[in-house]
Structure formats: C-alpha cells, structure tokens
Amino acid sequence: HAGNPLCSHHCSNLTQTPAVHTVSPGQQAVLNCNIERYDGNYVYWHKQVPGGFLRMVEVFSILASTKDYRLIIKNVEEGDSAVYFCKTWDSTKLIVTSNLPPPVLTVFPPSSAELQSNTASLVCLSSQSVTFADVSWLAGGSPVSSQISTSTAVQRPDQTYQISSSLTIQTSDWNMDKVYTCKVSLGSQTSEKTIKKSECPTE
C-alpha cells in the first residue's frame with residue numbers, strides 16, 4: 001500500500017469485508033477491517049459519497065491484542081449509502097435499500113466506424129437509480145470478467161445516480177448476432193437489457 005495517500009509505510013496486510021454490503025433501512029450495518037500487522041497508533045474509517053470528499057467517521061486506537069476494527073452503523077438510513085474506507089483504498093460499498101424503482105437501462109450498439117476494425121464497444125447507461133448500482137455483462141448468457149470499463153456513479157441534480165459501463169467485444173461475434181446483456185444490480189433487485197446486431201437499426 002506504499003502508494004496510497006491514506007496509507008504510509010506504517011500499514012500492511014489490511015483486509016476489508018464485505019466488498020459490497022446491502023441492508024434495508026432500520027437495520028444494522030457491520031463493516032469489517034482486519035489488520036494483520038500495523039505499527040501506527042490509529043485506524044481510521046472514512047466515508048465518501050459519489051462526487052464528494054472523504055470524511056472521517058471513526059477512529060480506533062491500535063491494540064496489540066486486536067486485529068479487527070469494525071464500523072457499526074445502527075438503524076441505517078438511505079443517506080448512509082456510501083463507500084467506506086479503512087485507512088487504505090480497500091473499501092466497502094454500503095447500500096441501504098428498500099423497495100426501490102429499477103434504474104432505466106439503455107444499451108448503445110457499436111458505431112459503424114468501430115465495426116471496421118476487429119474490436120468494438122457496447123455502452124450501457126444506467127440512469128434514474130436512487131442509490132448505488134453495480135453493473136455486469138453477459139455474452140451469450142455467460143458472465144464476462146474482462147474488457148469492461150465502468151465509470152464511478154455520478155449523482156444528478158434530482159438526487160438520482162447515473163453510471164455507464166462499456167464492454168469491448170470482437171466485431172466477428174457481433175456480426176454473428178451474439179446476444180449481449182447489461183445487468184444492473186440494485187440491492188436484491190436486478191434489471192437487464194439485451195442487445196444484438198439483428199435487433200439494431202441499420203445505418
């Protein structure tokens with residue numbers, strides 16, 4: 001972690017769990033920070049909402065007998081949704097969600113110029129989400145783990161969030177009418193939008 005602005009040469013072997021934690025309003029959220037070795041004096045928890053600054057929310061004194069430093073938020077509210085950092089850029093995304101309307105999904109096909117090369121890009125835009133959303137892709141029904149670039153969530157003036165994600169594909173797969181799916185998870189809810197060449201208008 002030597003290059004982290006929040007973590008000097010003092011810390012190492014730090015693990016935050018879970019990476020994403022989804023709870024309902026009124027419940028208790030427990031975010032874990034496990035430190036195997038640390039020769040500083042304090043552990044800091046910070047909170048950051050999209051587009052906002054880091055804000056310190058908790059400080060613990062380091063104890064030789066303790067490896068776990070938990071941030072416990074009782075009776076959570078939707079305003080507690082944020083990314084929480086424990087003295088490093090390892091983070092836990094906390095999502096407080098009730099029965100929320102699904103985000104609006106739009107998937108854009110590759111441009112005709114892109115299709116002249118071997119690879120092209122699909123872009124999925126998730127908008128009107130009332131909290132954080134996680135974006136994933138499927139190709140031919142199977143999860144895709146690479147060639148994905150997803151933006152940081154941006155909060156709009158109406159307090160909803162917008163996020164975009166692009167998937168780089170092989171032009172040959174697109175021409176063979178392979179089906180691609182953009183999947184957005186919002187707490188326990190998921191929304192999907194599929195796209196394939198034969199369903200797109202020709203230019």
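Throughout, read-outs are computed from the coordinates displayed, never taken from laboratory work. All values derive from a computational prediction rather than experimental measurement. Heads up, the Cβs are rebuilt from the backbone with ideal geometry, glycines too, and the neighbour counts pull from every protein chain shown.
Please work out how much length the chain gains when fully extended from residue 68 to residue 127, using 0.36 nm per residue of separation minus the C-alpha to C-alpha distance, in nm with one decimal. Can you show the working numbers first?
Values: separation 59, 0.36 × 59 = 21.24 nm, distance 3.70 nm.
Stretched fully, the residue 68-residue 127 segment lengthens by 17.5 nm.
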Reciprocal mean inverse distance between Cα atoms of the stretch 104-197 - Kirkwood radius, Å: 13.6
In whole Hz and in residue order, list the ³J(HN,Hα) couplings for the stretch 142-149 that follow from phi through the Karplus curve 6.51 cos²θ - 1.76 cosθ + 1.60, θ = phi - 60°; x for Gly and Pro. 9, x, 9, 10, 9, 6, 10, 10
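What net charge is computed for the residues neighbouring residue 176, neighbours being all others with C-beta under 12 Å from the C-beta of residue 176, Lys and Arg scored +1, Asp and Glu -1?
Details: positive: 178, 196, 197; negative: 173, 177.
Computed value for this residue: +1.
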Distance in nm between pseudo-label sites at residue 114 and residue 196 (7 Å out along the Cβ direction from Cα): 1.9
How far is it, in nm, from the label point at residue 147 to the one at residue 42 when both lie 7 Å from their Cα along the line to the Cβ? 4.8
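Can you compute the FRET efficiency between residue 156 and residue 17 using 1/(1 + (r/R0)^6), with r the Cβ-Cβ distance and R0 = 35 Å? Round to the nearest 0.05.
Working: r = 31 Å, r/R0 = 0.88.
The value I calculate is 0.70.
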Could you give the nm distance between label points at residue 57 and residue 171, where each point is 7 Å from its Cα heading toward the beta carbon? 4.7
